[in-house]
Amino acid sequence: MATTCERCKVIEKQKYWEEFDKHRFFKVMMNDFRPRLRIPHKFVINLKDSYKLLGRKILRGPSGNTWTVEVKKREDNDYVFCNGWEQFVKDHCLEEADLLVFKMKSFSCFDVTIFDLSACEKEETFFVKKNRNPCKHPDEVTDEHTSDQEESSENGHSTEEESYGKKYVFHSSQLRKGKKMKKILIAKQQINRKRECTPSSTCKRNIEPEEKMPIFSNRHREEVFQQASRHKSSVPSFLMTMQPTHVYLGQLKLPKKLANRYMRKKYETINLRIPSSGRRWAVAVSYRQEGLVMQSGWEDFVMDNDLEEFDICVFELAQGGKHNLIPVVLDVYIYTSC
């Protein structure tokens, strides 16, 4: 097996910290982790402009809800999550030996994934409400974890959270993420069941859906499609109707003809942008035999924009592409089916 020289290791390490984004680190819950949590020293000293880590930050849990915490620098130069961290621990019922993966979306926001001793994600963390008390144990979790969120979303209300003497408003679009995540889990469970079924097994060939998806008339879908088809663009573009795979399984395959003509055939991170707001999402694109596929980051785009089946997205190549080295930016125009 080929070995890497020390000089190459230094160059690769420097390139990782300076050129890559979306850095990650993990922490195992042990000792006195409840009042504060230390950020790994290596992460702090290697991250460019690490001083920007200090101050108020947003932790987004698996449910899609967010918690405001503070990062402080201690006398020993350690950076720690505090002032709000204890509430995050309480709401997610974190226990000794739980493992948390922190993905830095920006200097102000981290996505948090939570695993337990089984080495799998803790299912109940996908249905966590803010400030739930008393904390429910896994064998007591019911649909009430999402009922309040769903009721709030249906009524169009927002919830308010008191922190540091100020009111932070979390809008219904954020609260709907728990409901969307539940649908994602159901879809994945159904696929796993189908894979387990064999011709000789006793599994039913037609699996009843555990939760019915909204049904819209063919006429309404046709109207939405016609509206999207009238979208005019002066740059390369393509139209995609959202299917269950796109909405619930976190991946989107790009049209092969367009991808071959305008996109680079390699793994890279591109940006999806909503022109009306200017907001961007970093999405990993992988090159496979069947073409280019959006994966990591696509699920965030789906949830943040509340995409559903039969919604139509028009993608425009706003920047970059096959014949230059500029990072790719795709503008996305969404035509909703409901």
**Q.** Sum of side-chain charges, residue 220 neighbourhood, beta-carbon under 14 Å (Lys, Arg +1; Asp, Glu -1)
**A.** -3
Q: Heavy atoms only, probe 1.4 Å: what % of the accessible area of the stretch 15-126 goes to carbon and sulfur, would you let me know?
A: 50 percent
Q: Roll a 1.4 Å probe over the protein heavy atoms and report the accessible area of residue 303 in Å², nearest 10.
A: 20 Å²
**Q.** Segment residue 23-residue 295, length gained on full extension (0.36 nm per residue, minus Cα span)
**A.** 96.2 nm
Q | Exposure of residue 334 as accessible area (Å², to 10), given a probe of 1.4 Å and all protein chains | A | 50 Å²
Q: Would you mind checking the pairs 13/48; 105/322; 15/257; 9/105; 103/257 and listing those with alpha carbons more than 22 angstrom apart?
A: 105/322; 15/257; 9/105; 103/257
Q | Residue (of 39, 101, 88) at the positive-pole extreme of the stretch 15-126, dipole from beta-carbon charges | A | 39
Q: Please give, to one decimal in nm, the separation of the simple spin-label points placed at residue 82 and residue 99, each 7 Å out from Cα toward the Cβ.
A: 2.9 nm
Q | Linear extension gain, residue 113 paired with residue 14, 0.36 nm per residue minus alpha-carbon span | A | 33.0 nm
**Q.** Evaluated over the stretch 219-335, the Cα radius of gyration and Dmax, each in Å
**A.** 13.5, 43
Q) If you add up the charges near residue 113, with Lys and Arg at +1 and Asp and Glu at -1, over every other residue whose beta carbon is less than 9 angstrom from its beta carbon, what do you get? A) -1
Q | Percentage relative contact order, the stretch 15-126, counting C-alpha pairs under 8 Å, at least six apart | A | 32 percent
Q | Per residue solvent-accessible surface (Å²) - the stretch 15-126, probe of 1.4 Å | A | 50 Å²
**Q.** D (Stokes-Einstein, µm²/s), Kirkwood Cα radius, the stretch 15-126, 1.567 mPa s at 4 °C
**A.** 90 µm²/s
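The values are calculated or read from the model by the stated rules, or taken from the named source; none is laboratory data. Every value quoted in this text rests on a predicted model; they were computed, and no experiment measured them. All Cβ positions, even for glycine, are placed from backbone atoms using ideal geometry, and neighbour counts span all protein chains on display. Accessible surface areas use protein heavy atoms only, side chains included; no ligands, DNA or RNA. Shrake-Rupley method; radii C 1.70, N 1.55, O 1.52, S 1.80 Å.
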